[in-house]
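The values are calculated or read from the model by the stated rules, or taken from the named source; none is laboratory data. Just so you know, these numbers come straight off a predicted model, no measurement behind them. When we count neighbours, we look across all protein chains shown, and the Cβ atoms used for this are built from the backbone with ideal geometry, even at glycine. We work out accessible area using only protein heavy atoms, side chains counted, and drop any ligands, DNA or RNA first. Shrake-Rupley method; radii C 1.70, N 1.55, O 1.52, S 1.80 Å.
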Amino acid sequence: PAIRVDMSELDWLFSTCVAPVLSQLQDWMEQCTKIYDQTCSDTSSQPHEWFVLKSKDVDNLTGVVVLRGDMIAKATVKIGRGSSRSAKQEVRHEMNIQTPCYISQLQETMSNVKAALRIIQARRSHLVDIHDAVEVVRLVLSYVKKAHTCLIVPPDDLKQWLEMKSRVSFKPQLPVNELISFVINGSKLVLSCYTLAAVSSSPQKELRRNTVEMGSQLFEVSQQHSVSQL
């Protein structure tokens, strides 16, 4: 049998539930974008935020990172190298920023939040009924979910860190087979050091996903160590 829908009930649901939710979402996203724009529009005037990155379980990697807004202003990375504890040598690498180096996750997060905000601003005052409102909520929440995913699922594309290595320099320079990454994982800033090993490019050999090409040679991660703010 057909389901009879009382339109007055749908009108009540629209006016008392959906409309306030959209209003709250709009207020929240406007606050987020305002804070982000104020923080990142002029990084030169923003205060420095210092992050000490280390772990009790990782003794061969530590870092100190200075952020201004979403930009890495300065970084010092200490990497212990050696096959044994007695032979291990700790090297301090100072990061020299040649061109602006940003935390891309923060930019992608706010890009999605702003996309959701534009949808609400454009369509909220033109909603006709509950069906139209539900579609707007669906679109908005899809962008909010993408924004959330940006912060809890760090990018693992080695090409991104290889590109960053070409735009910044360390003193002393990092070995050719090492990459450094800075990512957001949840509420923490995470520093990772990847050691790469050359692999055969033969089609018979199945390559792992974490593979990157440098010149004509393929490399894959043989070791990875990560530390985060405590």
Can you name the condition, by its number, that ALA75 falls short on among (1) more than 22 Å from ILE120 (Cβ to Cβ); (2) over 21 Å from the mean Cα position of the chain (by Cα); (3) not hydroxyl-bearing (Ser, Thr, Tyr)? (2)
Can you list the strands (runs of 3 or more DSSP E) found entirely within segment 138-211 that contain at least 2 residues being modelled with pLDDT under 80? 168-171
List, please: which pairs have Cβ atoms under 9 Å, are six or more places apart or on different chains, and start with a residue in segment 124-150 that is free of Cβ contacts under 8 Å to residues at least 24 places away in the same chain and closer than 30 Å to LEU106 by Cα and end with one that is open to solvent by 40 Å² or more (accessible area, probe 1.4 Å) and assigned to a helix (DSSP H, G or I)? GLU135/ARG123; LEU139/ARG123
Please work out if CYS101 is in contact with a strand residue (DSSP E or B) (Cβ under 6 Å, 6 or more places away or on another chain) and open to solvent by less than 30 Å² (accessible area, probe 1.4 Å). yes
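So for segment 153-172 (the condition being within 30 Å of GLN26 (Cα to Cα) and open to solvent by 50 Å² or more (accessible area, probe 1.4 Å)), does at least one residue qualify? Walk me through it before giving the result.
Applying the first criterion (within 30 Å of GLN26 (Cα to Cα)) to segment 153-172 yields 153-155.
Remaining after also requiring open to solvent by 50 Å² or more (accessible area, probe 1.4 Å): 153.
Taking every residue of segment 153-172 in turn, at least one turns out to be within 30 Å of GLN26 (Cα to Cα) and open to solvent by 50 Å² or more (accessible area, probe 1.4 Å).
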Could you check segment 119-137 and list, in sequence order, the residues that are modelled with pLDDT under 80, surrounded by 15 or more Cβ atoms within 10 Å (Cβ to Cβ) and either among the β-branched types (Val, Ile, Thr) or closer than 25 Å to ASN96 by Cβ (or both)? ILE130
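Which residues, taken from segment 16-53, are assigned to a helix (DSSP H, G or I), modelled with pLDDT under 70 and open to solvent by less than 70 Å² (accessible area, probe 1.4 Å)? Steps first, answer last, please.
So the first thing to find is which residues in segment 16-53 are assigned to a helix (DSSP H, G or I), and the list is 16-40, 43-45.
Now restrict to residues that are modelled with pLDDT under 70: 43-45.
The answer is THR43, and nothing else.
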